[in-house]
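What follows is a short report on a single structure.
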Amino acid sequence: MNAAPVLLGYAALVGAAAPRLLLRSAWPHRAPALAVTVWLALTVTFVLALALASARLATPTEHLHAGLVGLLHACGVGSGPAVPGPGTAGRLAVVLPLLVLGGWAASVLHRLGRAGLLRARHRDRLDKVGAPCPRLGVTVLPHAVPGAYCLPGLRSRVVVSDAAVRLLSPRQLDAVVEHERAHVAGRHHLPLAAAEGFAALFRRLPLARHVRGQVALLLEMSADDRALRRHPDAVLATAMYAMAAGRAPEGAFGAAGASPAVLRMKRILGPRPTPHPALRGALASAAFAAPLLPLLVACPPGV
């Protein structure tokens, strides 16, 4: 059986229907870290389904690994009895999936590299104009607008404007700094780059249109949750309100600004029931299994 129609149908379901279901659900804001995993799992399973469907379209009558094995033997790689070299269809069955996977990987790496360069340049500027604050473990930047952000990755840095230092109380300032440290400790720039890379490659896909914004928002909520472990709800919410006008530079995470701050403040001040453990387990299992489904469809066991 040619699995290409099934794989393409699965990709369409993941790319169009799954995002709508997630956007209508309440649980992602209750378990933001898990929701980030689910969003990224959808991008991975979509790319794999598309890559495998292209391979099956090229060789509808052959087993999936036949073209790859034949190509390896033709290149002198592999052991066992020689097999005929792959024909044009067999080569396409290898090249087309590699183009899909390679394009996806290149898009993600481009976002990581570009953001890394922007952060490196910004750190150089901070070394010239910023002042270290040993008590908070941050860099204080002269700026008239209260704000805070972090530069994750190598030589990570948490930056607070001197206006924020003057405006916020010590408890509010500690809560904001804890929020930024959560971004650094969680390496939140990596899942964000993965979402941005997917969104850039499949621009018109509903999943691509939503994944970047949703992952960014959920990462902010996840950092909020870490800050709330040590600080009262009202302290963090009032600090966010005071810094609502702040904007983080490109490549950085900010405590306010691009993400919907009002939505986050309502979440912080309102009830935050956690999903039932059974639901969390089912969602985590689904996120783990989703990338495997295209492989099972394209190359079922025992075939």
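Structure summary
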{"read-out": "Hits in segment 170-209 (condition: assigned to a loop (DSSP other than H, G, I, E, B) and without any contact (Cβ under 8 Å) to a residue 24 or more places away in the chain)", "value": "Arg203, Arg204"}
{"read-out": "Contacts under 9 angstrom Cβ, first residue in segment 96-109 being within 20 Å of Val211 (Cα to Cα), partner among the charged types (D, E, K, R), 6 or more apart", "value": "Ser107/Glu196; Val108/Glu196"}
{"read-out": "Pairs, first touching a residue at least 12 places away in the same chain (Cβ under 8 Å) and within 26 Å of His183 (Cβ to Cβ) in segment 32-49, second assigned to a helix (DSSP H, G or I) and of a type in the set (D, E, K, R), C-beta under 9 Å, six or more apart", "value": "Pro32/Glu220; Pro32/Asp224; Pro32/Asp225; Ala33/Asp225; Leu34/Arg280"}
{"read-out": "Test result for Arg135, without any contact (Cβ under 8 Å) to a residue 40 or more places away in the chain and exposed (fewer than 11 other Cβ atoms within 10 Å of the Cβ)", "value": "yes"}
{"read-out": "Some residue of segment 87-110 being of a type in the set (Val, Ile, Thr), modelled with pLDDT under 85 and surrounded by 12 or more Cβ atoms within 10 Å (Cβ to Cβ)", "value": "yes"}
{"read-out": "Matching option when the condition is at pLDDT 75 or above and within 24 Å of the chain's Cα centre (by Cα), among Thr238, Thr274", "value": "Thr274"}
{"read-out": "Count of segment 7-25 residues which are touching a residue at least 12 places away in the same chain (Cβ under 8 Å) and farther than 10 Å from Leu50 by Cβ", "value": "6"}
{"read-out": "Sole exception among (1) under 18 Å from Ser285 (Cβ atoms); (2) touching a Pro at 6+ places or on another chain (Cβ under 8 Å) for Val14, by number", "value": "(2)"}
{"read-out": "Test: residue in segment 140-147 that is of a type in the set (A, V, I, L, M, F, W, C), at pLDDT 90 or above and under 22 Å from the mean Cα position of the chain (by Cα)", "value": "no"}
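The values are calculated or read from the model by the stated rules, or taken from the named source; none is laboratory data. These numbers come from a predicted model, not from an experiment. Neighbour counts run over all protein chains shown; Cβ positions are idealised from the backbone, glycine included.
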